[in-house]
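Structure first, commentary second.
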Amino acid sequence: SDIEKGTYPHYMLKEIDEQPAVMRKIIQAYQNEAGELSIDADILEAINASDRLYIIAAGTSYHAGLVGKEYFEKITKKPVEVHISSEFGYNMPILSEKPLFVFISQSGETADSRQVLVKIKEMGHKALTVTNVQGSTLSREADFTLLLHAGPEIAVASTKAYVAQIAVLAVAATVAAKHAGHDVEFDLIKELGIVANAVQAMVDSKEAIEAIAKDFLATTRNAFFIGRNVDFFVSLEGALKLKEISYIQAEGFAGGELKHGTIALIEDGTPVFALVTQKPVALNIRGNVKEVVARGAKPCIISMEGMEEDGDTLVIPNVHSLLTPLVSVIPLQLISYYAALHRDCDVDKPRNLAKSVTVE
Ligand code: G6P
């Protein structure tokens, strides 16, 4: 069944491997009889009637929300703010006139997010929950729900839910854009199909990725992840994954911020993972790599086909520039998995962490 490990040593590895199927499942689940992407008319109307979306989430779901903002702003032309749930309660921004709240939560049970939902409902606002668990608290208490269709996620470190969240947000943004009369210049069904194949190619590259994990992370005490634009958001997720299961101190940040502090931490052999999937900033991020290498860093460059250069460590297949997080995160998940494995950590049940945090 879905919740058994089968021949897998860990749920995390099984769930990483399920990601191509999750992509295909989402394409299928959000298609209507005419073969077009569709979501409930009520949700479309709520999105398009609002003047601003407020995405509220925690942990990995927050990182997916950062990518979701790109989709709603670039595709749907809708202003978006993304907030950490635990901060929102006492640090509430001045709200727009017609806000729509979008809660992103794998479990649908995170207490910090629920607290915000209760509060904004009291204020009379509408909420959409994007969750993997039908009937969860956040789903029941919101006005609308979009399901992730990722199947049960058991490993504490979230993998397939993250890609499902990003894919479902892309679907919602695209369908809402068409509903609002905006031109959408790509065929998302086709592009997500290309993504599913690219994700498959990455999960099939386990040997190469395990070798990277051994080479870069076997003994290090820290590691850095850098990127620009959406690569920055994926860097945050890559660092979180590594912290969660391998206990290596890791930080993800925007390439341009290096010089404002973090570069002081670079020593001989410090691993720096750099993502290069965004053409307009490729030269800038490669410049950042040169800066850290000049200070002794050991760079692991993960670039996208079409942008690769000699010496890059890993090249991911080419996908639409907005959808690269769905593919670039896969090697980062696997690098964390193998780093934890080789450091004898309990991959599925890391110390001090819970799968869903139902206390504030
Ligand atoms: C916990 C989990 C994380 C998850 C976060 C938010 O900290 O360990 O993997 O990202 O909660 O969970 P949610 O279910 O709301 O997405």
Notebook entry, point to check: Roughly what percent of Cα-Cα pairs across the chain reach past 33 Å?
Noted result: 26
Next item on the list: Would you please give the FRET efficiency between Leu95 and Lys74, computed as 1/(1 + (r/R0)^6) with r the Cβ-Cβ distance and R0 = 22 Å, to the nearest 0.05?
Entry: 0.45
Next item on the list: Could you compute the FRET efficiency for Asp215 and Thr7, with r as their C-beta to C-beta distance and R0 at 22 Å, rounded to 0.05?
Entry: 0.25
Checklist line | Lys/Arg +1, Asp/Glu -1 at C-beta; the chain dipole; positive extreme among Ser113, Ser139, Ile301 | finding: Ser113
Next item on the list: Once you have a ≥ b ≥ c as the square roots of the Cα gyration tensor eigenvalues for region 122-185, tell me rounded if a/c is under 1.5, and otherwise prolate or oblate according to whether a/b is larger than b/c.
Entry: oblate
Check: For region 208-318, what is Rg from Cα atoms divided by 2.2 N^0.38 Å, rounded to two decimals?
Finding: 0.97
Note to self: Which residue fluctuates most in the GNM of the chain (Cα springs below 10 Å): Ser136, Ser96, Ser113?
What the structure shows: Ser96
Check: Restricting attention to region 21-52, which GluC sites (Glu not before Pro) occupy a DSSP loop and are surrounded by at most 15 other Cβ atoms within 10 Å?
Finding: Glu33, Glu36
Item checked: Order by protection proxy (mean Cβ within 10 Å, highest first), peptides 176-182, 14-20 -> 14-20, 176-182
Check: Of Ala196, Ala208, Ala264, which is farthest along the charge dipole of region 112-265 in the positive direction, counting Lys and Arg as +1 and Asp and Glu as -1 at C-beta?
Finding: Ala264
Checklist line | Added length on full extension, which subtracts the Cα-Cα distance from 0.36 nm per residue, Arg295 to Lys190 | finding: 33.5 nm
Check: Quick one: which of Lys74/Lys298; Lys160/Lys259; Lys160/Lys279 span more than 30 angstrom between C-alpha atoms?
Finding: Lys74/Lys298; Lys160/Lys259
Notebook entry, point to check: Looking at region 56-120, which GluC sites (Glu not before Pro) are DSSP coil and have at most 11 other C-beta atoms within 10 Å of their C-beta?
Noted result: Glu97
Notebook entry, point to check: With r defined as the distance between the Cβ atoms of Leu283 and Asn318 and R0 fixed at 25 Å, what FRET efficiency is calculated, to the nearest 0.05?
Noted result: 0.85
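Computed from the coordinates by the stated procedures, all read-outs in this text should not be read as laboratory data. What you are looking at is a predicted structure, and each value in this text was computed from that prediction instead of being measured. Please note: Cβ atoms are built from the backbone with ideal geometry, for glycine as well, and neighbour counts cover all protein chains shown.
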